[in-house]
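The values are calculated or read from the model by the stated rules, or taken from the named source; none is laboratory data. Everything numeric in this text was worked out from a predicted model, so none of it was measured. Note that we place each Cβ from the backbone using ideal geometry, even for glycine, and neighbour counts take in every protein chain shown. Just the protein is used for accessible areas: all its heavy atoms, side chains included, with ligands, DNA and RNA removed. Shrake-Rupley method; radii C 1.70, N 1.55, O 1.52, S 1.80 Å.
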Amino acid sequence: MVRADTPETERRAAGRRDSGSDSDSGSGSGSGGRRAVIRRAVLFRTLGFAGAGGAPSGSAPSRSAPSGSRSGPWKRGLVLAASALLLGLLMLLHARLTGRWGLGSLVETFLPWFGLFVPLLLAGALWRRSASAAVALLLPVVVWLDLFGGLLTDKAHPGSDLTVVSHNVDAANPDPAGTARDLAASGAGLLALEEITAQAKPVYEKALARAYPYHTVQGTVGLWSKSPLSGIRPVDTQMDYGPLAATKPVGARVAGTRALRATVATDRGPLAVYVAHLGSVRLFPGNGFWTDSRDRNAKALAEAVAAERNARVVLLGDMNGTMDDRALAGIASRLRSAQDMAGGGFGFSWPAEFPVARIDQILVRGVRPKSSWVLPATGSDHLPVAAGISW
(Lines give C-alpha, C1' and ligand atoms only; values in the text may rest on other atoms or scores of the structure.)
Protein backbone atom coordinates (compact mmCIF):
# COMPACT_ATOMS: atom_id res chain seq x y z
CA MET A 1 0.00 0.00 0.00
CA VAL A 2 1.47 3.35 -1.04
CA ARG A 3 1.09 6.21 1.37
CA ALA A 4 0.47 9.64 -0.12
CA ASP A 5 2.35 12.49 1.51
CA THR A 6 0.14 15.36 2.57
CA PRO A 7 1.33 18.90 3.26
CA GLU A 8 0.93 18.26 6.98
CA THR A 9 3.14 15.16 6.82
CA GLU A 10 5.89 17.05 5.04
CA ARG A 11 5.91 19.79 7.65
CA ARG A 12 6.32 17.27 10.49
CA ALA A 13 9.22 15.52 8.75
CA ALA A 14 11.01 18.82 8.11
CA GLY A 15 10.64 19.70 11.77
CA ARG A 16 12.23 16.45 12.84
CA ARG A 17 15.19 16.99 10.45
CA ASP A 18 15.75 20.54 11.69
CA SER A 19 15.66 19.37 15.30
CA GLY A 20 18.28 16.65 14.67
CA SER A 21 20.52 19.13 12.84
CA ASP A 22 20.43 21.59 15.68
CA SER A 23 21.34 18.86 18.11
CA ASP A 24 24.39 17.78 16.05
CA SER A 25 25.69 21.32 15.64
CA GLY A 26 25.43 22.20 19.30
CA SER A 27 28.05 22.00 21.98
CA GLY A 28 28.54 18.25 21.46
CA SER A 29 27.11 17.40 24.86
CA GLY A 30 24.31 15.40 23.26
CA SER A 31 24.73 11.78 22.27
CA GLY A 32 24.20 12.62 18.60
CA GLY A 33 27.05 15.17 18.65
CA ARG A 34 29.42 12.75 20.31
CA ARG A 35 28.62 10.06 17.80
CA ALA A 36 29.29 12.47 14.91
CA VAL A 37 32.70 13.44 16.35
CA ILE A 38 33.64 9.79 16.80
CA ARG A 39 32.55 8.95 13.27
CA ARG A 40 34.67 11.76 11.84
CA ALA A 41 37.73 10.72 13.91
CA VAL A 42 37.42 7.11 12.77
CA LEU A 43 37.03 8.24 9.17
CA PHE A 44 40.10 10.50 9.24
CA ARG A 45 42.27 7.90 10.96
CA THR A 46 41.23 5.28 8.44
CA LEU A 47 42.16 7.57 5.57
CA GLY A 48 45.52 8.38 7.23
CA PHE A 49 44.91 12.08 7.92
CA ALA A 50 46.81 13.74 10.80
CA GLY A 51 45.00 14.86 13.90
CA ALA A 52 42.35 13.25 16.06
CA GLY A 53 39.46 15.14 14.57
CA GLY A 54 40.73 15.78 11.07
CA ALA A 55 43.52 17.49 9.17
CA PRO A 56 44.89 20.65 10.75
CA SER A 57 43.59 23.84 9.32
CA GLY A 58 45.65 25.12 6.35
CA SER A 59 47.71 21.94 5.99
CA ALA A 60 47.53 19.17 3.48
CA PRO A 61 46.71 15.72 4.84
CA SER A 62 49.74 13.48 5.21
CA ARG A 63 49.79 9.83 4.27
CA SER A 64 52.23 7.15 5.45
CA ALA A 65 54.48 5.71 2.75
CA PRO A 66 53.39 2.26 1.63
CA SER A 67 55.58 -0.43 3.17
CA GLY A 68 56.37 -1.91 -0.25
CA SER A 69 58.28 1.25 -1.29
CA ARG A 70 61.04 0.79 1.32
CA SER A 71 64.31 -0.64 -0.06
CA GLY A 72 65.07 -4.20 1.00
CA PRO A 73 68.31 -5.52 2.57
CA TRP A 74 69.67 -6.49 -0.87
CA LYS A 75 69.16 -2.99 -2.27
CA ARG A 76 70.62 -1.10 0.69
CA GLY A 77 74.36 -0.37 1.00
CA LEU A 78 75.24 -0.86 -2.66
CA VAL A 79 78.18 1.55 -2.31
CA LEU A 80 79.51 -0.55 0.58
CA ALA A 81 79.10 -3.71 -1.49
CA ALA A 82 80.99 -2.17 -4.41
CA SER A 83 83.78 -1.03 -2.06
CA ALA A 84 84.12 -4.55 -0.64
CA LEU A 85 84.39 -6.05 -4.13
CA LEU A 86 87.02 -3.48 -5.16
CA LEU A 87 89.03 -4.23 -2.01
CA GLY A 88 88.99 -7.94 -2.77
CA LEU A 89 89.98 -7.44 -6.39
CA LEU A 90 92.81 -5.09 -5.38
CA MET A 91 94.34 -7.72 -3.10
CA LEU A 92 93.69 -10.54 -5.56
CA LEU A 93 95.16 -8.74 -8.58
CA HIS A 94 97.86 -6.65 -6.88
CA ALA A 95 100.51 -8.14 -9.16
CA ARG A 96 98.70 -6.63 -12.16
CA LEU A 97 98.78 -3.08 -10.80
CA THR A 98 100.80 -0.62 -12.82
CA GLY A 99 104.42 -0.14 -11.90
CA ARG A 100 104.32 3.55 -12.83
CA TRP A 101 105.20 5.90 -9.98
CA GLY A 102 106.01 2.76 -7.94
CA LEU A 103 102.30 2.20 -7.29
CA GLY A 104 102.53 -1.58 -7.40
CA SER A 105 105.43 -1.72 -4.93
CA LEU A 106 103.76 0.76 -2.60
CA VAL A 107 100.56 -1.31 -2.42
CA GLU A 108 102.48 -4.56 -1.99
CA THR A 109 104.63 -3.14 0.81
CA PHE A 110 101.55 -2.53 2.95
CA LEU A 111 99.33 -5.26 1.50
CA PRO A 112 98.62 -7.04 4.84
CA TRP A 113 97.19 -3.81 6.25
CA PHE A 114 94.43 -3.73 3.61
CA GLY A 115 92.70 -6.31 5.78
CA LEU A 116 91.84 -3.53 8.24
CA PHE A 117 89.24 -2.25 5.76
CA VAL A 118 87.21 -5.45 6.24
CA PRO A 119 85.94 -4.73 9.79
CA LEU A 120 85.26 -1.12 8.79
CA LEU A 121 83.13 -2.22 5.85
CA LEU A 122 81.45 -4.86 8.01
CA ALA A 123 80.48 -2.23 10.57
CA GLY A 124 78.96 -0.16 7.74
CA ALA A 125 77.06 -3.18 6.42
CA LEU A 126 75.60 -3.91 9.86
CA TRP A 127 74.65 -0.28 10.38
CA ARG A 128 72.90 -0.15 7.00
CA ARG A 129 71.51 -3.68 7.45
CA SER A 130 72.80 -4.46 3.99
CA ALA A 131 72.80 -8.09 2.96
CA SER A 132 74.52 -7.29 -0.34
CA ALA A 133 77.48 -5.60 1.42
CA ALA A 134 77.82 -8.48 3.90
CA VAL A 135 77.97 -11.06 1.10
CA ALA A 136 80.39 -8.94 -0.96
CA LEU A 137 82.79 -8.88 2.01
CA LEU A 138 83.37 -12.60 1.57
CA LEU A 139 85.70 -11.84 -1.37
CA PRO A 140 88.29 -9.70 0.49
CA VAL A 141 88.12 -12.02 3.52
CA VAL A 142 88.87 -15.13 1.44
CA VAL A 143 91.64 -13.39 -0.53
CA TRP A 144 93.31 -11.98 2.60
CA LEU A 145 93.24 -15.35 4.34
CA ASP A 146 94.70 -17.00 1.25
CA LEU A 147 97.54 -14.46 1.16
CA PHE A 148 98.32 -14.11 4.85
CA GLY A 149 96.31 -16.64 6.82
CA GLY A 150 99.32 -18.95 7.08
CA LEU A 151 101.23 -16.27 8.99
CA LEU A 152 98.68 -16.22 11.81
CA THR A 153 99.83 -19.57 13.20
CA ASP A 154 103.15 -20.23 14.92
CA LYS A 155 105.12 -22.67 12.74
CA ALA A 156 108.26 -22.75 14.89
CA HIS A 157 109.83 -26.05 15.94
CA PRO A 158 112.30 -26.51 18.80
CA GLY A 159 115.97 -27.06 18.14
CA SER A 160 118.25 -25.90 15.37
CA ASP A 161 121.83 -26.37 14.20
CA LEU A 162 122.63 -22.69 13.68
CA THR A 163 121.12 -19.37 14.75
CA VAL A 164 121.53 -16.45 12.35
CA VAL A 165 120.75 -12.77 12.97
CA SER A 166 120.50 -9.82 10.59
CA HIS A 167 120.33 -6.19 11.65
CA ASN A 168 120.44 -2.83 9.93
CA VAL A 169 122.30 -1.03 12.70
CA ASP A 170 121.48 2.47 11.32
CA ALA A 171 124.20 4.89 10.29
CA ALA A 172 122.87 7.37 12.86
CA ASN A 173 122.86 4.85 15.73
CA PRO A 174 123.78 6.80 18.89
CA ASP A 175 125.06 3.70 20.73
CA PRO A 176 126.80 1.22 18.39
CA ALA A 177 128.62 -0.44 21.30
CA GLY A 178 125.35 -1.09 23.11
CA THR A 179 123.82 -2.45 19.92
CA ALA A 180 126.78 -4.81 19.47
CA ARG A 181 126.44 -6.10 23.05
CA ASP A 182 122.71 -6.75 22.57
CA LEU A 183 123.33 -8.68 19.37
CA ALA A 184 126.13 -10.77 20.86
CA ALA A 185 123.79 -11.69 23.73
CA SER A 186 121.46 -13.34 21.23
CA GLY A 187 123.88 -16.25 20.96
CA ALA A 188 123.76 -16.23 17.17
CA GLY A 189 126.41 -18.24 15.35
CA LEU A 190 126.24 -15.83 12.39
CA LEU A 191 125.65 -12.11 12.69
CA ALA A 192 125.09 -9.87 9.64
CA LEU A 193 125.18 -6.09 9.99
CA GLU A 194 124.13 -3.49 7.44
CA GLU A 195 124.68 0.27 7.27
CA ILE A 196 128.04 0.24 9.02
CA THR A 197 129.74 3.62 8.88
CA ALA A 198 133.51 4.14 8.80
CA GLN A 199 133.30 5.73 12.27
CA ALA A 200 131.27 2.89 13.80
CA LYS A 201 133.20 0.03 12.19
CA PRO A 202 136.01 -0.17 14.82
CA VAL A 203 133.37 0.01 17.58
CA TYR A 204 131.55 -3.04 16.25
CA GLU A 205 134.80 -4.91 15.63
CA LYS A 206 135.99 -4.33 19.19
CA ALA A 207 132.65 -5.10 20.87
CA LEU A 208 132.10 -8.32 18.88
CA ALA A 209 135.68 -9.62 18.80
CA ARG A 210 135.39 -11.95 21.81
CA ALA A 211 132.12 -13.63 20.74
CA TYR A 212 132.98 -13.78 17.04
CA PRO A 213 136.60 -14.57 16.17
CA TYR A 214 135.95 -14.42 12.42
CA HIS A 215 134.52 -11.47 10.56
CA THR A 216 134.64 -9.46 7.38
CA VAL A 217 133.41 -5.98 6.47
CA GLN A 218 132.90 -5.05 2.82
CA GLY A 219 131.88 -1.43 2.39
CA THR A 220 128.87 -0.86 4.62
CA VAL A 221 127.95 -4.52 5.28
CA GLY A 222 129.67 -7.04 7.53
CA LEU A 223 129.49 -10.66 8.66
CA TRP A 224 130.62 -11.96 12.08
CA SER A 225 130.95 -15.70 12.61
CA LYS A 226 131.88 -18.22 15.29
CA SER A 227 133.08 -20.56 12.51
CA PRO A 228 135.86 -19.92 9.99
CA LEU A 229 135.11 -17.86 6.87
CA SER A 230 136.50 -18.28 3.38
CA GLY A 231 135.71 -17.25 -0.17
CA ILE A 232 135.03 -13.68 0.95
CA ARG A 233 134.27 -11.20 -1.80
CA PRO A 234 132.09 -8.19 -2.47
CA VAL A 235 128.98 -8.66 -4.62
CA ASP A 236 128.27 -6.12 -7.31
CA THR A 237 124.67 -5.01 -6.95
CA GLN A 238 125.13 -2.12 -9.38
CA MET A 239 125.15 0.61 -6.80
CA ASP A 240 127.23 2.55 -9.32
CA TYR A 241 125.86 2.65 -12.84
CA GLY A 242 125.77 4.90 -15.87
CA PRO A 243 128.60 6.71 -17.72
CA LEU A 244 130.15 8.15 -14.56
CA ALA A 245 130.48 4.79 -12.80
CA ALA A 246 133.64 3.85 -14.75
CA THR A 247 135.36 7.08 -13.72
CA LYS A 248 134.87 6.44 -10.01
CA PRO A 249 138.07 5.49 -8.10
CA VAL A 250 138.34 1.87 -6.94
CA GLY A 251 138.51 2.94 -3.31
CA ALA A 252 135.30 4.91 -3.61
CA ARG A 253 133.56 1.94 -5.22
CA VAL A 254 134.71 -0.44 -2.48
CA ALA A 255 133.57 1.98 0.22
CA GLY A 256 130.12 2.01 -1.35
CA THR A 257 129.81 -1.79 -1.50
CA ARG A 258 126.50 -2.95 -0.01
CA ALA A 259 126.67 -6.72 -0.51
CA LEU A 260 129.12 -9.53 0.22
CA ARG A 261 129.44 -13.27 -0.12
CA ALA A 262 131.35 -15.68 2.16
CA THR A 263 131.56 -19.41 2.83
CA VAL A 264 131.05 -20.51 6.44
CA ALA A 265 132.65 -23.79 7.51
CA THR A 266 130.09 -25.69 9.58
CA ASP A 267 130.01 -29.20 11.04
CA ARG A 268 127.52 -30.11 8.29
CA GLY A 269 129.60 -28.77 5.43
CA PRO A 270 130.06 -25.40 3.71
CA LEU A 271 127.30 -22.80 3.81
CA ALA A 272 127.22 -19.90 1.34
CA VAL A 273 126.17 -16.71 3.10
CA TYR A 274 125.18 -13.44 1.42
CA VAL A 275 124.75 -10.16 3.26
CA ALA A 276 123.05 -7.35 1.36
CA HIS A 277 121.56 -3.91 1.80
CA LEU A 278 119.49 -2.91 -1.22
CA GLY A 279 118.92 0.68 -2.23
CA SER A 280 116.52 2.84 -0.31
CA VAL A 281 113.04 3.72 -1.47
CA ARG A 282 111.48 7.16 -1.20
CA LEU A 283 107.93 8.46 -1.31
CA PHE A 284 107.72 11.80 -3.11
CA PRO A 285 104.44 13.75 -3.36
CA GLY A 286 105.12 14.67 -6.98
CA ASN A 287 106.91 11.56 -8.26
CA GLY A 288 105.28 8.78 -6.28
CA PHE A 289 107.13 5.79 -4.78
CA TRP A 290 110.74 5.96 -6.06
CA THR A 291 112.30 2.47 -6.17
CA ASP A 292 114.78 2.63 -9.06
CA SER A 293 117.94 1.95 -7.02
CA ARG A 294 116.32 -0.84 -4.97
CA ASP A 295 114.90 -2.54 -8.06
CA ARG A 296 118.25 -2.45 -9.87
CA ASN A 297 120.07 -3.86 -6.83
CA ALA A 298 117.48 -6.61 -6.38
CA LYS A 299 117.88 -7.77 -9.97
CA ALA A 300 121.69 -7.90 -9.67
CA LEU A 301 121.50 -9.77 -6.36
CA ALA A 302 119.06 -12.29 -7.83
CA GLU A 303 121.55 -12.98 -10.64
CA ALA A 304 124.37 -13.49 -8.13
CA VAL A 305 122.28 -15.97 -6.11
CA ALA A 306 121.24 -17.78 -9.28
CA ALA A 307 124.92 -18.27 -10.15
CA GLU A 308 125.77 -19.66 -6.68
CA ARG A 309 126.99 -23.26 -6.94
CA ASN A 310 126.68 -24.16 -3.29
CA ALA A 311 123.43 -26.00 -2.63
CA ARG A 312 123.11 -24.43 0.83
CA VAL A 313 122.57 -20.68 0.80
CA VAL A 314 121.48 -18.11 3.38
CA LEU A 315 120.77 -14.49 2.44
CA LEU A 316 120.68 -11.95 5.27
CA GLY A 317 119.97 -8.27 4.93
CA ASP A 318 117.84 -5.20 4.54
CA MET A 319 115.95 -5.67 1.27
CA ASN A 320 114.01 -2.41 1.59
CA GLY A 321 110.97 -4.34 0.46
CA THR A 322 108.64 -7.12 1.58
CA MET A 323 108.56 -10.54 -0.02
CA ASP A 324 105.23 -9.58 -1.62
CA ASP A 325 106.99 -6.79 -3.54
CA ARG A 326 107.31 -7.55 -7.24
CA ALA A 327 110.84 -6.13 -7.24
CA LEU A 328 112.02 -9.09 -5.12
CA ALA A 329 110.36 -11.71 -7.30
CA GLY A 330 113.72 -12.81 -8.77
CA ILE A 331 115.10 -13.44 -5.28
CA ALA A 332 111.89 -15.01 -3.97
CA SER A 333 111.87 -17.50 -6.85
CA ARG A 334 115.25 -18.91 -5.70
CA LEU A 335 115.13 -18.54 -1.92
CA ARG A 336 112.43 -19.05 0.70
CA SER A 337 111.58 -16.80 3.64
CA ALA A 338 112.40 -18.18 7.07
CA GLN A 339 109.56 -16.13 8.52
CA ASP A 340 107.03 -17.62 6.12
CA MET A 341 108.25 -21.16 6.76
CA ALA A 342 108.91 -21.15 10.50
CA GLY A 343 107.75 -17.86 12.01
CA GLY A 344 104.74 -16.77 13.99
CA GLY A 345 102.97 -13.63 12.78
CA PHE A 346 104.17 -11.10 10.25
CA GLY A 347 107.56 -10.41 11.85
CA PHE A 348 107.44 -6.69 11.04
CA SER A 349 110.85 -5.07 11.49
CA TRP A 350 110.52 -1.43 10.42
CA PRO A 351 110.27 1.19 11.78
CA ALA A 352 111.38 0.10 15.22
CA GLU A 353 109.00 2.43 17.08
CA PHE A 354 105.90 1.04 15.35
CA PRO A 355 106.75 -1.72 12.85
CA VAL A 356 104.45 -1.84 9.82
CA ALA A 357 106.48 -3.87 7.31
CA ARG A 358 109.05 -6.66 7.21
CA ILE A 359 111.81 -5.31 5.02
CA ASP A 360 114.65 -7.12 6.85
CA GLN A 361 114.85 -10.67 5.55
CA ILE A 362 116.39 -14.07 6.23
CA LEU A 363 116.09 -16.20 3.09
CA VAL A 364 117.35 -19.76 2.62
CA ARG A 365 117.95 -22.55 0.14
CA GLY A 366 119.06 -26.11 0.89
CA VAL A 367 118.52 -25.76 4.67
CA ARG A 368 115.37 -25.93 6.83
CA PRO A 369 114.27 -23.00 8.99
CA LYS A 370 113.11 -24.32 12.37
CA SER A 371 112.11 -20.97 13.87
CA SER A 372 112.04 -17.26 13.07
CA TRP A 373 111.51 -14.27 15.34
CA VAL A 374 112.18 -10.56 15.88
CA LEU A 375 114.65 -9.41 18.55
CA PRO A 376 114.11 -6.43 20.89
CA ALA A 377 114.90 -2.91 19.70
CA THR A 378 118.42 -1.51 19.81
CA GLY A 379 119.61 2.02 19.01
CA SER A 380 118.62 1.49 15.36
CA ASP A 381 115.47 2.43 13.48
CA HIS A 382 115.17 -1.25 12.44
CA LEU A 383 114.51 -4.30 14.62
CA PRO A 384 116.94 -7.23 14.40
CA VAL A 385 115.53 -10.45 12.87
CA ALA A 386 116.67 -13.95 13.76
CA ALA A 387 116.15 -17.53 12.62
CA GLY A 388 117.20 -21.01 13.64
CA ILE A 389 118.15 -23.31 10.73
CA SER A 390 118.97 -26.99 10.42
CA TRP A 391 120.36 -29.32 7.78
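How would Ser333, Ser186, Ser105 line up by accessible area, probe 1.4 Å, largest first?
Ser333, Ser186, Ser105
Mind listing the phi-derived Karplus ³J(HN,Hα) values for the stretch 223-232, rounded to whole Hz, using 6.51, -1.76 and 1.60 with θ = phi - 60°, and x for any glycine or proline?
9, 10, 9, 8, 10, x, 10, 8, x, 7
Which far-off residues, 5 or more places away or on another chain, put their amide H under 5 Å from the one on Asp170, with H placed in the peptide plane?
Those qualifying (amide H under 5 Å, at least 5 residues apart or on another chain) number zero.
Name the long-range amide H neighbours of Lys370: under 5 Å, sequence gap of 5 or more, or other chain; modelled H, no Pro or chain starts.
When sequence neighbours closer than 5 places are left aside, the close amide H contacts are Gly388, Ile389, Ser390.
Given a 1.4 Å probe and the protein chains all in place, what does the accessible area of Phe114 round to, in Å² to the nearest 10?
Ignoring ligands and nucleic acids, Phe114 comes out at about 40 Å².
Give the accessible area for Leu92 in Å² (nearest 10); use a 1.4 Å probe, count only protein heavy atoms, and leave out ligands, DNA and RNA.
That residue has around 100 Å² of solvent-accessible surface.
Given a 1.4 Å probe and every protein chain left where it sits, what share in percent of the accessible area of the stretch 246-391 is carbon and sulfur?
Its accessible area is 56 percent carbon and sulfur atoms.
Which ³J(HN,Hα) values, rounded to whole Hz and listed in residue order, are derived for the stretch 375-391 from phi using the Karplus coefficients 6.51, -1.76 and 1.60 in 6.51 cos²θ - 1.76 cosθ + 1.60 with θ = phi - 60°, glycine and proline given as x?
7, x, 5, 10, x, 8, 8, 10, 9, x, 10, 9, 7, x, 10, 9, 9
Tell me which of Pro376, Ala311, Val356 sits at the most positive position along the dipole axis of the stretch 297-391, charges placed on C-beta atoms (Lys, Arg +1; Asp, Glu -1).
Ranked along the dipole, the leading option is Ala311.
If you bin every alpha carbon distance in the stretch 104-152 into 5 Å steps from zero, what whole percent lands in each bin?
Per 5 Å bin, starting at zero, the Cα-Cα P(r) for the stretch 104-152 comes out as 5, 19, 26, 22, 15, 9, 4, 0 percent.
Take the Cβ-Cβ distance between Leu85 and Thr153 as r, set R0 to 30 Å, and report the resulting FRET efficiency rounded to the nearest 0.05. Write out the running numbers ahead of the final one.
On the way: r = 28 Å, r/R0 = 0.94.
Efficiency at R0 = 30 Å is approximately 0.60.
Sum up the charges of everything whose Cβ sits under 13 Å from the Cβ of Phe110, counting Lys and Arg as +1 and Asp and Glu as -1, but leave Phe110 out.
So the environment of Phe110 carries a net charge of -2.
Amide H to amide H, which residues 5 or more places from Gly379 or on other chains are under 5 Å from it, using H placed in the peptide plane?
So Gly379 has HN proximity to Thr179.
On a straight-distance basis, which lysines could pair with Lys201 in a cross-link, Cα separation under 20 angstrom, same-chain partners fewer than 8 positions away excluded?
By straight Cα distance, Lys201 reaches Lys226.
Largest first, what is the accessible-area ranking of Ile362, Ile232 with a 1.4 Å probe? Walk me through the numbers on the way to the answer.
Working: Ile362 0, Ile232 70 Å².
The ranking, largest first, comes out as Ile232, Ile362.
I'd like the Karplus ³J(HN,Hα) series for the stretch 203-210: coefficients 6.51, -1.76, 1.60, θ = phi - 60°, whole numbers in Hz, and an x wherever there's a Gly or Pro.
Values, residue by residue: 5, 5, 5, 5, 5, 9, 4, 5 Hz.
Roll a 1.4 Å probe over the protein heavy atoms and report the accessible area of Trp113 in Å², nearest 10.
Its accessible surface works out to 80 Å², give or take rounding.
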